[in-house]
Amino acid sequence: MSQTSQHFIQGRSRDASDGATMDLISPITERVHARAARGTAADIDAAVAAARAQLDGGAWSTMPGSQRAILINKLADLVERDADKIADMDASCIGRPPIEPRLLDLPNAIGTLRTSAGWADKIEGRSIPTAGYMGIKTLSYTRREPVGVVGAIVPWNTPFMITSWKVGPALAAGCALVIKPSEETPLSALHLAALCQEAGIPDGVVNVVTGVGEVVGHALCVHPGVDKITFTGSPEVGRLIQRAAGDSFKRIALELGGKSPQIVFDDASLEQAIQGCAMGLFFNQGQVCAAGSRILVQRGIADQFAKTLAGAAASIKVGDPAQAGVNMGAVASKAQFDRVNRYVRKGLDEGATALVGGVAEHGTGYFVRPTVFANVSNSMTIAREEIFGPVGVVIPFDTEEQAIALANDSVYGLGATVWTNDITRGHKVAHAVKAGAVGINCWAPIDPRLPWGGMKSSGIGRECGLAGVHAYTEEKVITLLLP
Ligand code: NAD
């Protein structure tokens with residue numbers, strides 16, 4: 001076992017107020033690979049007080065955006081310096097091949113910090129012509145002020161990247177944060193907080209409290225000193241958070257789950273579509289919010305497409321990512337292992353056919369089987385609920401209208417992809433699908449310059465892009481009497 005990590009509050013590492021710790025279990029070996037502080041509501045009190053002090057007259061509260069930009073850029077440089085180490089930390093916590101976060105999560109996080117730094121001195125108000133009142137002339141303008149103390153609650157699937165989506169824009173806007181990482185993956189957030197200190201960001205601006213969601217996550221949501229909760233995670237917990245934070249009218253941003261459709265027309269480049277669908281299904285063991293897990297295929301090519309996709313799944317080597325040739329690791333926890341198997345069993349019970357994969361045996365390590373289901377209808381549980389594992393369903397459709405109707409027949413609306421060589425159709429379908437981001441012949445990219453978020457049960461609000469920075473501000477109107 002390598003380490004016991006502590007909270008990071010007011011620039012110092014400290015134990016939980018009652019000294020409690022929690023075990024982090026390796027999904028590959030099922031042994032304890034690290035321990036972390038198991039926080040309490042008192043720890044949240046301390047972290048919120050540290051953040052508040054920075055906003056109520058601390059150095060951060062008067063620092064100009066241009067200086068914040070310099071510090072956030074320094075932070076990006078330090079993350080770049082430690083990128084492989086951070087990627088490996090995240091990968092080992094959830095049993096994922098480290099090459100994935102090295103290639104995607106860390107470059108994205110560094111880009112998010114640099115883009116955020118660019119915004120820090122460009123958060124502008126507006127001067128708005130008004131009618132005045134009762135013959136009196138006035139001049140009105142707006143200022144975008146930091147929303148205040150932000151509670152950032154993060155999941156385990158791509159933890160460092162998602163943390164950066166919250167930290168970068170919040171710092172750009174001048175906010176201070178208390179981060180609550182997932183129970184499974186607290187290490188990279190703690191490292192980020194230490195790098196904030198190394199970059200010269202004043203102590204207390206970025207705090208991390210580790211522990212259990214129901215305790216420290218909940219304490220953040222109900223804390224009177226917290227102004228905004230930004231949450232990424234499951235819709236079930238999103239609902240609890242909305243209720244808990246709603247009592248004190250906190251600003252709330254929710255990035256939730258998905259059941260994203262991939263719509264494959266018979267005029268698409270099938271090689272490209274197969275590759276894209278396989279990537280959308282199996283990347284990070286399918287533990288991706290925007291995983292393209294509902295594959296809608298035009299009927300004439302549906303059977304062949306499903307067989308080819310199943311062949312791609314069969315060629316995936318599942319195992320310990322440290323071993324040569326392995327390209328899929330374990331799922332993140334025993335709970336995930338049981339969840340994926342439960343859904344696979346449900347699919348079989350409801351009459352779907354597993355062309356490849358199926359229920360996994362439990363040996364050592366939480367390894368599941370990449371699974372492609374055919375004979376699926378959109379009303380089956382496996383087509384409606386988020387599995388969050390490497391399990392896809394292939395559903396045939398006849399017409400463009402039917403494809404759109406099927407795509408939209410879901411409570412979710414996070415991502416979608418349209419595979420077609422008819423570019424007019426591509427745009428038409430992309431406009432009609434209710435999702436926050438739609439790709440045409442490609443993945444809707446998660447780029448720091450683009451807003452990211454869901455429609456319907458996939459969330460409320462947007463992260464990243466200018467919208468993501470504005471989400472950490474309040475627009476205040478100031479009016480001056482004119483002579
Ligand atoms: P989860 O909802 O179980 O947990 C997320 C976080 O919430 C964790 O830090 C957890 O400790 C905390 N939490 C749990 N109960 C809480 C409570 N009562 N009050 C406050 N906080 C609490 O989600 P997960 O299993 O970590 O992540 C998987 C989910 O995240 C999937 O549904 C996935 O789609 C979603 N996700 C969405 C996006 C997106 O951008 N939309 C990105 C990644 C993951």
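The values are calculated or read from the model by the stated rules, or taken from the named source; none is laboratory data. Fair warning: this is a prediction, and the values are worked out from it, not measured in the lab. Note: ideal-geometry Cβ built from the backbone for every residue, glycine included; neighbour counts use all protein chains shown.
Quick notes
- Looking at segment 108-221, the strands (runs of 3 or more DSSP E) lying wholly inside it that each contain 3 or more residues that are not polar (S, T, N, Q) sit at 138-146, 149-153, 176-180.
- Some residue of segment 288-301 being hydroxyl-bearing (Ser, Thr, Tyr) and surrounded by fewer than 24 Cβ atoms within 10 Å (Cβ to Cβ): no
- Within segment 283-301, being farther than 21 Å from residue 410 by Cα and in contact with a Pro (Cβ under 6 Å, 6 or more places away or on another chain) holds for one residue alone: 285.
- Residue within segment 34-52 that is surrounded by fewer than 23 Cβ atoms within 10 Å (Cβ to Cβ), free of Cβ contacts under 8 Å to residues at least 60 places away in the same chain, closer than 17 Å to residue 183 by Cβ and in contact with a strand residue (DSSP E or B) (Cβ under 9 Å, 6 or more places away or on another chain) present: yes
- Leading residue by the ranking (farthest from the chain's Cα centre (by Cα)) among those in segment 444-463 that are crowded, with 20+ Cβ neighbours inside 10 Å and more than 16 Å from residue 256 (Cβ to Cβ): 444
- Between 238, 258, 246, the distinction of being modelled with pLDDT under 95, within 13 Å of the ligand (Cβ to nearest atom), more than 24 Å from residue 16 (Cα to Cα) and of a type outside the set (Phe, Trp, Tyr) belongs to 246 only.
- Of residues in segment 283-310 being within 12 Å of residue 387 (Cα to Cα) and part of a helix (DSSP H, G or I), the one nearest to the ligand (Cβ to nearest atom): 286
- Verdict on residue 384 being closer than 30 Å to residue 101 by Cα, out of contact with any Asp or Glu (no Cβ under 6 Å at 6 or more places or on another chain) and either crowded, with 18+ Cβ neighbours inside 10 Å or at pLDDT below 95 (or both): no
- Residue 268 vs. criteria outside any loop (DSSP other than H, G, I, E, B) and either within 30 Å of residue 55 (Cβ to Cβ) or more than 10 Å from the ligand (Cβ to nearest atom) (or both): no
- For segment 331-344, a residue qualifies if it is surrounded by 14 or more Cβ atoms within 10 Å (Cβ to Cβ), within 15 Å of the ligand (Cβ to nearest atom) and among the hydrophobic types (A, V, I, L, M, F, W, C), and the qualifying residues are 331, 332, 337, 340.
- Subset tally (residues that are in contact (Cβ under 8 Å) with a residue 24 or more places away in the chain and in a helix (DSSP H, G or I)) for segment 222-241: 5
- Segment 262-277, subset among the aliphatic types (A, V, I, L, M) and buried (at least 23 other Cβ atoms within 10 Å of the Cβ), residue nearest to residue 378 (Cα to Cα): 263
- Condition broken by residue 406, with the remaining ones in (1) surrounded by fewer than 21 Cβ atoms within 10 Å (Cβ to Cβ); (2) closer than 23 Å to residue 272 by Cα; (3) out of contact with any strand residue (DSSP E or B) (no Cβ under 6 Å at 6 or more places or on another chain) satisfied: (3)
- Check on residue 194, surrounded by fewer than 20 Cβ atoms within 10 Å (Cβ to Cβ) and either in contact (Cβ under 8 Å) with a residue 12 or more places away in the chain or more than 8 Å from the ligand (Cβ to nearest atom) (or both): yes
- Answer from 475, 385, 463, 401 - the residue that is touching a residue at least 40 places away in the same chain (Cβ under 8 Å) and closer than 26 Å to residue 308 by Cα: 385
- Scoring residue 347 on the criteria (1) of a type outside the set (A, V, I, L, M, F, W, C); (2) surrounded by 16 or more Cβ atoms within 10 Å (Cβ to Cβ); (3) part of a loop (DSSP other than H, G, I, E, B) leaves a single failure, condition (3).
- Residues that are crowded, with 24+ Cβ neighbours inside 10 Å and either near the ligand (Cβ under 8 Å from one of its atoms) or modelled with pLDDT under 95 (or both), drawn from segment 217-232: 217, 220, 221, 231, 232
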